[in-house]
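Notes follow the structure.
The values are calculated or read from the model by the stated rules, or taken from the named source; none is laboratory data. A quick note: this is a predicted structure, and the numbers were derived from the prediction, not measured. Note: ideal-geometry Cβ built from the backbone for every residue, glycine included; neighbour counts use all protein chains shown. SASA here: full protein model, heavy atoms, side chains in, ligands and nucleic acids out. Shrake-Rupley method; radii C 1.70, N 1.55, O 1.52, S 1.80 Å.
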Amino acid sequence: MKQIVYDIPGVKSVTLAVGAEFSIMDVYPAENENLEPYSALGHEGVIQRSDRTSFHIRLGKSFCLPLYYYLANGQLFVGKNLSSFLAIGADQVDPLYLIELEYFGFPTNRKSFLKDVSMLYPGDEVMLNAEELIWLEDTLPKQPGLQASLVKAQERGGEIYNLLPKMAASLFSPFDHVFFVEISRKIHACEGPVLEICKDSLPKNFGFDMDRARIFNGAHKSKMVEGINLEEYANQTTGVLKSSWEVSGGTQTMGSYLAENFYYPFIMFQLSILAAEAGKEIRIVNSENLEFDSAPAFTMDDEPIVNVYESFQRVFFYGNQWLSRVWFFIPPMISAKIIKRQQEYSEGEQHICIYALTLDYLLRFYPLKVGNVTGD
């Protein structure tokens with residue numbers, strides 16, 4: 001197979017003899033390597049050339065750094081930043097990832113925001129057919145529009161609102177709650193190398209829920225989106241998850257099983273991105289002594305410029321057209337009904353307005369492809 005040669009900064013071919021290993025830790029900044037859990041890893045995070053046409057990626061159970069891979073043209077691309085994969089043509093948003101995030105709160109099968117780019121979790125081992133290994137460093141310039149403050153923050157809600165675009169860029173994924181923003185603020189304020197988070201503070205709305213589904217059903221233009229029947233796909237995914245739970249023996253409730261095997265690993269992967277950025281470690285602990293500000297950050301009475309509900313309604317006029325008119329259809333009358341339904345479902349911070357805003361930021365500021373349309 002003819003391989004593509006990339007003349008792009010940050011795209012680096014890695015030469016390995018058969019049997020040789022590439023230590024993933026070698027390409028992370030020194031501040032990550034010096035942290036306690038990482039310094040003990042040694043070569044637990046490695047890529048080995050098995051033979052001339054295959055590679056073996058092996059991560060230890062304690063490997064707590066973000067990692068992705070993508071296969072194309074006989075080449076295996078591996079990198080720690082999802083946005084780096086745009087430079088080599090992996091620029092299509094995965095609609096199945098979006099559907100699973102909306103209706104379940106987590107993706108299955110290691111999907112990421114970019115189609116065919118997979119996440120790797122701690123303890124994963126994969127054998128991949130490829131002739132060449134390419135490591136991806138940062139291949140895109142920083143997006144100033146996502147780093148700058150949107151407004152002059154006066155209160156906590158304004159500060160969090162300001163950080164929504166930056167957090168979307170860091171995670172390179174839409175999200176539907178302020179949890180990650182709060183953790184980002186805490187980890188940068190933390191003077192030590194470790195930030196502990198109480199497990200009870202993690203967002204709790206996950207797994208298929210009919211009330212949650214009704215909110216997103218109301219936002220979608222129709223039951224068929226990008227050729228996918230939303231109800232059928234949700235039922236299919238529910239069936240797969242239920243079968244996985246039954247195969248496990250059913251010793252836990254299905255909710256506990258989904259939490260431990262799908263939801264928490266995904267949340268921890270997202271947190272690993274924030275930890276790697278800050279050169280620190282995040283630990284999830286069971287403790288009643290850790291404080292977490294659970295007071296609502298956003299209210300319906302916020303000033304219009306920092307009001308997520310009003311911002312959600314403005315997406316139809318000023319946001320990405322594919323998002324507001326193809327994926328969703330949210331003119332003012334419909335978006336008002338969705339907001340009301342959201343308020344009835346949850347008074348917390350986990351809702352569609354944050355999700356739509358963060359997805360809109362990504363589609364407008366990055367060269368992403370959605371369906372048959374290139375993002376604005």
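From the list PHE208, PHE179, exactly one residue is out of contact with any Lys or Arg (no Cβ under 9 Å at 6 or more places or on another chain), within 20 Å of PHE106 (Cα to Cα) and open to solvent by 70 Å² or more (accessible area, probe 1.4 Å). Which is it?
PHE208
The residue pairs whose first member lies in the range 263-281 and is touching a residue at least 40 places away in the same chain (Cβ under 8 Å) and over 27 Å from PHE208 (Cα atoms), whose second member is open to solvent by 10 Å² or more (accessible area, probe 1.4 Å) and not in a helix (DSSP H, G or I), and whose beta carbons are closer than 6 Å, counting only pairs six or more residues apart or on different chains, are ALA275/GLU281; ALA275/ILE282; LYS280/PRO193; GLU281/LEU35; GLU281/VAL194.
Considering the conditions (1) within 24 Å of the chain's Cα centre (by Cα); (2) modelled with pLDDT under 85; (3) of a type in the set (Phe, Trp, Tyr), TYR6 is excluded by exactly one of them, (1).
The single condition among (1) exposed (fewer than 15 other Cβ atoms within 10 Å of the Cβ); (2) in contact (Cβ under 8 Å) with a residue 12 or more places away in the chain that MET254 does not meet is (1). Inspect all residues belonging to the range 188-197 and state whether any of them is open to solvent by less than 10 Å² (accessible area, probe 1.4 Å), among the hydrophobic types (A, V, I, L, M, F, W, C), within 26 Å of GLY255 (Cα to Cα) and not in a helix (DSSP H, G or I). Yes, the conditions are met somewhere in the range 188-197.
On inspection, GLY105 fails the criterion of being closer than 23 Å to VAL240 by Cβ and open to solvent by 30 Å² or more (accessible area, probe 1.4 Å). Residues in the range 296-333 that are surrounded by fewer than 18 Cβ atoms within 10 Å (Cβ to Cβ), out of contact with any helix residue (DSSP H, G or I) (no Cβ under 7 Å at 6 or more places or on another chain) and not charged (D, E, K, R): PRO296, THR299, ILE305, PHE317, TYR318, GLN321, VAL326, PHE329, MET333. Within the range 87-102, being open to solvent by less than 10 Å² (accessible area, probe 1.4 Å) and assigned to a loop (DSSP other than H, G, I, E, B) holds for one residue alone: ALA90.
Sort out which residues of the range 10-61 are of a type in the set (Ser, Thr, Tyr), open to solvent by 60 Å² or more (accessible area, probe 1.4 Å) and at pLDDT 80 or above, and write them in order of number.
SER13, THR15, THR53, listed by residue number.
Being at negative phi and open to solvent by less than 30 Å² (accessible area, probe 1.4 Å) holds for only one residue in VAL225, VAL240, and it is VAL225.
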